[in-house]
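Input: a single structure, listed below in structure tokens.
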Amino acid sequence: MRAMVLERPRTALVMRERPAPAPAAGEILIEIAACGVCRTDLHVVDGELPNPKLPIVPGHEIVGRVAAMGAGVAGLAIGERVGVPWLGSTCGVCPYCRSGRENLCDRPLFTGYTRDGGYATHALADARYCFPLPERRDDAEVAPLLCAGLIGWRSYRMAGAGEGTGAKGTGPQALGLYGFGAAAHILAQVAAWQGRRVYAFTRSGDAAAQAFARSLGAVWAGGSDEMPPEPLDAAIIFAPVGALVPMALKAVKKGGRVVCGGIHMTDIPSFPYRLLWEERQVVSVANLTRADAREFLTLVPQAGVKSEVTRYPLAAANEALADLREGRLQGAAVLMP
Ligand SMILES: [Zn+2]
Ligand SMILES: [Zn+2]
């Protein structure tokens, strides 16, 4: 197998040849068809997340086919298409796992961070955390659903939306999305499909991103330093920029919630208490549960979600990361081995 490997944080990934690993009990070997590039990968590569396994193969939006199965794997077949998300495994016994919050597990493994991920031709995965992907849609277009889509969905639920997965969602009607990258471009379509008014905030002056947001159903798009034309019921921040927290608090109405959807953010500047007053809330979203994934992957075909992707060969992983870092991408980057 070939893999793009991070040997030390803040260095370029290097292509390495390795023998294809054999799956242990409970594991599957996946022949990878596509792997999305997520902002979290940038945080791993840039050394902004503590204690990665090193060397590490990044990538946690894996779409591929089952090439081999270890002992005891149930419910999957050789050749079946599966997706592998960020949540690589959990302990199953800690208080979080036992209370339906496996996203907060005390002893988790994360794909592409603490176990090898999908910037490769092959990967091992714990079969219990993989999802069959029966829908007939292009491999590359499915990949971003596995993190951008899933974390977007969990953030959306945290914002109070998404109760009932029909076209008549309850919860916030005016929803702000700060940072219009891979996650927001998927979530905007879901929110618009559910009849919500989506307000998209981009880097100031980024007319292309604003036009992109409007094309996906946003009723308004502007710079993150602008106030929306109506007060928001809730806002989700996907950009890793702490200064957006007080800006979003300013834009939400009384009782409104600001959800931070990223794993890493620059420091949040101090702000006057009156921005939080009147029962506004700031919360973060961490990881995902398998229940989130099943719910979201069921909803995607109903909502007609399309993902806009830019394909890169596996060997161009460093270029894909650089384009994401510099904001040169519309939608999501996907590596094709
Ligand atoms: Zn646990
Ligand atoms: Zn991710």
Legend entry - Considering residues of the stretch 114-145 that are over 20 Å from Pro23 (Cβ atoms) and touching a strand residue (DSSP E or B) at 6+ places or on another chain (Cβ under 8 Å) only, the residue surrounded by the fewest Cβ atoms within 10 Å (Cβ to Cβ): Pro134
Legend entry - All positions within the stretch 96-149 that are part of a helix (DSSP H, G or I) and in contact with a Phe, Trp or Tyr (Cβ under 7 Å, 6 or more places away or on another chain): Glu102, Leu104, Gly149
Inset, instruction - Inspect all residues belonging to the stretch 71-78 and state whether any of them is in contact with a strand residue (DSSP E or B) (Cβ under 9 Å, 6 or more places away or on another chain), under 23 Å from Thr40 (Cα atoms) and more than 16 Å from ligand 2 (Cβ to nearest atom). - result: no
Legend entry - Top-ranked residue in the stretch 86-139 [being more than 16 Å from ligand 1 (Cβ to nearest atom) and basic (Lys, Arg); ranked as farthest from Glu308 (Cα to Cα)]: Arg136
Legend entry - So Phe201, is it closer than 24 Å to Leu324 by Cβ, modelled with pLDDT of 95 or more, out of contact with any Asp or Glu (no Cβ under 7 Å at 6 or more places or on another chain) and surrounded by fewer than 22 Cβ atoms within 10 Å (Cβ to Cβ): no
Legend entry - From the options Gly92, Gly112, residue that is at pLDDT 95 or above, touching a Cys at 6+ places or on another chain (Cβ under 9 Å), of a type outside the set (Phe, Trp, Tyr) and within 16 Å of ligand 2 (Cβ to nearest atom): Gly112
Inset, instruction - Consider Gly262 carefully, then state whether it is under 23 Å from the mean Cα position of the chain (by Cα), buried (at least 18 other Cβ atoms within 10 Å of the Cβ) and assigned to a strand (DSSP E or B). - result: no
Inset, instruction - Filter the stretch 17-50 down to residues that are free of Cβ contacts under 8 Å to residues at least 60 places away in the same chain, of a type outside the set (Gly, Ala, Ser) and out of contact with any Lys or Arg (no Cβ under 7 Å at 6 or more places or on another chain) and give me whichever is farthest from Ile263 (Cα to Cα). - result: Pro19
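The values are calculated or read from the model by the stated rules, or taken from the named source; none is laboratory data. Worth saying up front: this structure is predicted, and the values here are computed from it rather than measured. Because the Cβ atoms are built from the backbone with ideal geometry, glycine has one as well, and the counts that use them run over all protein chains shown.
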